[in-house]
Amino acid sequence: MTTARQHHTRSTRLRLLLAATATVATVAAVTTGCTKDTKATPPPPSPTASPSPSADPQAAEKTALLGVYRAFWDASLKAYSTGSMKDTGMESVGTDKAYAKVQATQIYYRDNGFVMTGAPNLSPKVTTMETAAEPPKATITDCVDSTTYIQVEKQSGKPVETMDKNRRHVATYTALKIGGAWQIRDFDIARDQLC
């Protein structure tokens, strides 16, 4: 018995195989018509039905997870720049400890009259993914570069001095897939681990 996922993977591979065959045939026909040789060239051999060994079977899941990760950052940026969690979209992408940490930081900024301006440069990579786990889980590792992400006084716009002069830190995010959707569950920014 095949699952919907296996059927989807097989049908996707079949579509890719058919598309590759059509592309090869089209290129062969076009290039044959452009050569000076009047002899007909045989068609190229058809590709085999075996999947490419270099294809990542989790590529679609990783792409979806990285989309949620970027949405989590977008929601965090809204919270830190406005002083409110309202209308940030955090509820759909961040939960548990991740939500609580963003909320605590947002409250700290608000209570001290600070906001964040700009945005960090992100370079996330999915470093582990266990789709067979129940629920599926994954880890994202990122080098968060906050060089252009500045804490300022809300009233004056004056930058706030920070003790940390290095603005590039390794951050690790954990995610779970609940109800068919990835959510960032927790994160840790290693202030002593530079990148």
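Of all residues in the range 79-89, none are within 16 Å of T174 (Cα to Cα) and open to solvent by less than 60 Å² (accessible area, probe 1.4 Å).
Whenever a residue of the range 151-162 is touching a residue at least 24 places away in the same chain (Cβ under 8 Å), its partners that are surrounded by 10 or more Cβ atoms within 10 Å (Cβ to Cβ) and among the hydroxyl-bearing types (S, T, Y), lying with C-beta atoms within less than 6 angstrom and at least six residues away or across chains, give the pairs V152/T117. Suppose we filter the range 122-144 for residues that are open to solvent by 60 Å² or more (accessible area, probe 1.4 Å) and not hydrophobic (A, V, I, L, M, F, W, C); how many remain? Residues that pass the stated criteria total 6. When A132 is tested against (1) in a loop (DSSP other than H, G, I, E, B); (2) in contact with a strand residue (DSSP E or B) (Cβ under 9 Å, 6 or more places away or on another chain), exactly one condition is not met: (2).
Checked against the criterion of being surrounded by fewer than 13 Cβ atoms within 10 Å (Cβ to Cβ), of a type in the set (A, V, I, L, M, F, W, C) and out of contact with any Gly (no Cβ under 9 Å at 6 or more places or on another chain), the candidates A98, A64, A59, A119 yield just one match: A59. Of all residues being among the charged types (D, E, K, R) and open to solvent by less than 80 Å² (accessible area, probe 1.4 Å) in the range 145-184, which is nearest to the chain's Cα centre (by Cα)? Just the residue, please. It comes out as K177.
Counting just the residues of the range 101-116 that are free of Cβ contacts under 8 Å to residues at least 12 places away in the same chain and open to solvent by less than 80 Å² (accessible area, probe 1.4 Å), which one comes out nearest to I178 (Cα to Cα)? Taking the candidates together, the pick is A104.
The values are calculated or read from the model by the stated rules, or taken from the named source; none is laboratory data. Just so we're clear, the structure is a prediction, and the values are computed from it rather than from any experiment. Every residue, glycine among them, receives a Cβ derived from its backbone with ideal geometry; neighbour counts consider all protein chains shown. Please note that ligands, DNA and RNA were not included when accessible areas were found on the heavy atoms of the full protein model with its side chains. Shrake-Rupley method; radii C 1.70, N 1.55, O 1.52, S 1.80 Å.
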